[in-house]
Amino acid sequence: MRRRSFVQLAVLAVLVAAATTAIALLIPWLPESAGKERDRIDLVFWLATGIAIAIFAIVVSAIVFAVVKFRARPDDDSDGPPIHGQTTLEIVWTAVPTVLVTAIAVLSAIVLHDNASAGRDPLRVRVTAVQFAWSFTYLNGPAKNVTIPVLRLPLGRPVKLQIESKDVIHSFWVPELGQKQDAVPGRPQTLVITPTKPGTFPVVCTELCGLGHALMRSQAIVMRPGAFDAWAKSAGQGGATS
Amino acid sequence: MSKVTVEHEVQAAPPRLPGRGPRVLLSPWFRLVWTIPLFFGIGAGIVSLVRWLEGWHPIWQGSVQTTVALVTIPFGFLVGIGAFDYWLAYAIGQPTRPEDHSSHGARSWRDYLRVNTDHKVIGIQYIAANIFFLIAGGLLAMLFRAELAEPGMQYVSTQTFNGLVSVHAALMIFLVIVPVFAGIGNYVIPLMIGAPDMAFPRLNALSFWLLPVAGIMMLASFLVPGGAFATGWTSYAPLASHQPLGQVFFNMGVQWAGASSIMTALNFLVTIITMRAPGMTFWRMPLLVWANFTTSTLVVLATPFIAGSQFFVMFDRIMHTNFFEPDAGGYVLGYQHIFWFYSHPAVYIMMLPGFGIISEVISTFARKPIFGYRLMALSLVAILVLGFSVWAHHMFVAGMAPWLRVPMMVTSLLIAVPTGIKIFSWLATLWEGRIRFTTPMLFALGFIANFLIGGLSGVYLGSVPIDIHVSDTYFVVAHIHYVLFGGSLLTVFAGLYYWFPKMTGRMYNERLGKIHFWITIVAMNLTFFPMHWLGLQGMPRRVADYQDRFADLNLAISISSFVLGASIVLFLYNIITSWARGPKADGNPWRARSIEWQVSSPPPIFNFDEIPQVVGGPYEYGVEGARHAVFSGNGAVRLEDAEKARR
């Protein structure tokens, strides 16, 4: 009887896992990735998702199984068997989650480290947040000292952002690039992004910063290197202002 | 066994304050007519006097006087309703007796509206007040969900929107989830451990009456110039230091709610440590008692930190201190460190008592002992200890010292282990049980599944790289609602249905209860699950407006949130009509083992005519002849008769 129960439970768990996997894969949960850092973040995301599906399938199938199999008949006033615990089982469900979260932690730490390195010669841009607008100042290259209201980036080159705030705390985020960093008044922060796809992506403020918070948006425009260089040169000579 | 009886003198004249004026102006509540103006005058007067002496003009600066009045008016309220009568009478030399039970117990509904020292009355006062604030907070959510149904601004300004979001969260956290467990615990814990009341009944009454003060203060912030506080329930400095006056109503509201929490927690600790019935060792305590014990420890250790953080913000504002002012050398991130040093443990303050409730409900309705009882208790302690080492996971993108991130990630992820132990142990308790699908059991099972989703999304948020992507987005909104609604609030419903017969002496309507359960579960998931997608895709939290591409999903979420909000009407209808004319419940309708079920429903005014003797564990279902507690004299006979009659 016991063995058959466990086989039924395992079949149920596989079915739940299959259904959950379908939901995870068929719905586009993550926005398109346009950055090297986002790709690495997505890797951790899918590891966590795999583990989450396994745990979810086990727990939900156990609940469903118990609900169906161990339902008491209305006239049944008896008690269940007095099982107080089982040491092996308790060790297993302490040890297995420990191993799983350790795996997530290790991969996360590696990705965190990789996502903070900007290589030898990054483009450097200062991001300045005020209530309720963004501005971007180029700190090296032909567009040095140029300040514009949108963030123009060259494809494929690491960019080191220096994020500052002039008033309250804001937060810089481009969902397609994945990286996010609070702008803290008085404490400049750095953030590394490496665009891998050309296009225009939203820059949003994610830290509640007052009445204009919802509208504090800008754009990140990723350009092919040639086009970016042309723009930077013209901007550096006082040509382009955005 | 010797017969132990407990005698209480129920009626005694309440201590009276001396006075010559018309009596009615001295009786509680009527006194409010002059105590509130008096204490407002004291607060405003001190400020005006200082301003006059210092030569500051204008002397009457409404926002400053109001700030100090928020400290004094609550005292006027407490004096007015009589919360200090006993102590004041003692202080001015009137005759008092320590064993004064004149304000104990409820004989009519009016007794629920006055300062009462009976833990059972206080428990119900708490729960009623919490349900009131649940509805208020829910209505605020309906308002901003209406605004969010379409992109663009339709009904409110962005500042008002931020205010709605902030007051919603503050009420739900500080006035609903945190205190409702104190309310349920107040009613149940003394009965569960075989005590006649809480250790400090008058302090208990005072703790309760601080709550309406805090809640009304937060709601009243909508009425002041500039509108309600609008910086989220987290109220980060330096934004919060430079907001309109409404912000102070949050800073001070948190103080009153926090003081209430701390007093109740101390009361629980002393009660649980010193007032357990003979024979009830720690390893014989029901898990709800364990949960309240660990929660109370958390409250006492952590709550002073949020009190400090809010005072600092207020000082920066009104006294021009520079705790968090970057231009004057303040440490901006200091606010977040102090705030989260409370507010992360607060997550467990809002969850551990729920774990306790679920253990009681599942064991009773599966008719099985809790699987791995000791590990269940120890995992509560593990969460308590680990809970203090994870606060900075709220700050992975805040710009704190980078080296802090990995250690905080490891401790945060490790909390999944004791939490997992609890979930697996509940499942093992269900295994081969004789499961009865009563409403509390449905809520308990619904809790496991939904809390699991919240727990798993918590693992995502614990991992630094994923958190960097989803921090401050709707993913976090989804997570917090799966944990606080799918987690805490479902356990509250489970607990309220479970102990309803005990509290009222009547049965609730099972059919309505089940309908309430199904509507809640379906609407909750339709409301909160899509938020994961919104967050991952790029919708930040706390925004009054959003990109057009999120419009359809937000409309769907708004519609299901209205259904979710409306479902509370079923619950209210059920408990009100059942309390008025539901079928009578006997002492132990669930055939449960713990002590609160071995007395009548509702229990006698001092809980026990005889002190119970605890002789075994609380969940010995299926063990031949096992008992949790026996009563020395007639009680033991009564218990056996009851068992026999049932078989």
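Just a few scattered comments:
- Convex hull of alpha carbon positions in the protein assembly as shown: directionally averaged projected area 39.8 nm².
- Summary value for chain B: 14 percent relative contact order, contacts being C-alpha pairs under 8 angstrom separated by 6+ residues.
- In terms of its Cα atoms, segment B:226-310 spans 58, 19, 16 Å along the principal axes, sorted from long to short.
- The angle between the Cα long axis of helix A:2-26 and the main principal axis of chain A comes to about 20°, on a 0 to 90 degree scale.
- Semi-axes of the equivalent ellipsoid for segment A:7-120, computed as √(5λ) from the eigenvalues of its C-alpha gyration tensor and ordered from largest down, come to 40, 19, 9 Å.
- Each of B:Arg374, A:Arg187, A:Arg152 was scored by other Cβ atoms within 10 Å of its Cβ. Arranged with the fewest first, they read B:Arg374, A:Arg187, A:Arg152.
- Neighbour-count order for A:Val67, A:Val127, fewest beta carbons within 10 angstrom listed first: A:Val67, A:Val127
- Taking the Cα atoms of segment B:149-212, the ratio Rg/Rh between the radius of gyration and the Kirkwood radius comes to 1.27.
- For B:363-369, mean number of other protein chain Cβ atoms within 10 Å: 4
- The share of Cα pairs per 5 Å bin across segment B:214-361, counted from zero up to the longest distance, runs 2, 10, 16, 17, 16, 12, 10, 7, 5, 3, 2, 0, 0 percent.
- Candidate aspartates and glutamates - alpha carbon under 18 Å from A:Lys144, same-chain residues fewer than 8 apart omitted: A:Asp121, A:Glu164, A:Asp229
- Set B:Lys368/B:Lys584; A:Lys36/A:Lys166; A:Lys197/A:Lys233; A:Lys69/B:Lys368; A:Lys69/B:Lys584; A:Lys69/B:Lys422 screened for pairs whose C-alpha atoms are more than 24 Å apart: B:Lys368/B:Lys584; A:Lys36/A:Lys166; A:Lys69/B:Lys584
- Averaged over the residues of peptide A:84-97, the number of Cβ atoms from other protein chains lying within 10 Å of each residue's Cβ is 5.
- With q set to 0.18 Å⁻¹, the log10 of I(q)/I(0) for segment B:110-182, from the Debye formula over equal scatterers at the Cα positions, is -0.72.
- Legend: helices of chain B (whole DSSP H runs) are marked when their alpha-carbon atoms reach 15 angstrom or more along the helix axis and their mean Kyte-Doolittle hydropathy is at least 1.6; marked are B:373-386.
- Note that segment B:190-254 shows a convex hull volume over its alpha carbon atoms of 111 Å³ per residue.
- Among B:Asp545, B:Asp472, B:Asp327, the ranking by other beta carbons within 10 Å of each residue's beta carbon, starting with the fewest, stands as B:Asp327, B:Asp545, B:Asp472.
- The convex hull around the C-alpha trace of segment A:185-242, projected and averaged over every direction, spans 5.9 square nanometres.
- Value of [θ]222 nm, deg cm²/dmol, for the protein assembly as shown, DSSP H segments ≥ 4, -39500 (n - 2.57) each, nearest 500: -19000 deg cm²/dmol
- Entry note: segment B:51-138 has Rg to Rh equal to 1.15, where both radii use alpha-carbon atoms and Rh is the Kirkwood radius.
- Percent antiparallel among DSSP beta bridges (both partners in the protein assembly as shown, rounded to 5): 70
- Cα shape, segment A:103-166, gyration tensor, a/c 1.5 rule: oblate
- The convex hull built on the alpha-carbon positions of segment B:315-401 has an orientation-averaged projected area of 8.2 nm².
- Per-residue shielding of A:42-48, expressed as the average number of other chain Cβ atoms within 10 Å of the residue Cβ, stands at 4.
- Pairs of alpha carbons in chain B whose separation is greater than 45 Å (percent): 20
- Here segment B:288-338 is treated as a sphere whose radius is the Kirkwood value from Cα pairs; by Stokes-Einstein at 10 °C and 1.306 mPa s it diffuses with a coefficient of 128 µm²/s.
- More than 15 angstrom apart: percent of Cα pairs within segment B:475-527: 54
- Relative to the dominant Cα principal axis of chain A, helix A:36-69 is inclined by about 20°.
- By average C-beta atoms within 10 angstrom, highest first, the peptides B:576-586, B:121-131: B:121-131, B:576-586
- Reported value for segment A:134-242: 95 Å³ per residue, from the convex hull of its C-alpha atoms.
- Overall Cα dimensions of segment B:485-599, principal axis frame, Å, largest first: 58, 27, 20
- Counted over all Cα-Cα pairs of chain A, pairs farther apart than 33 Å make up 41 percent.
Quick note: the coordinates plus some simple rules give every number you see, no bench work behind them. Quantities reported herein were computed from a predicted structural model and do not represent experimental measurements. Neighbour counts run over all protein chains shown; Cβ positions are idealised from the backbone, glycine included.
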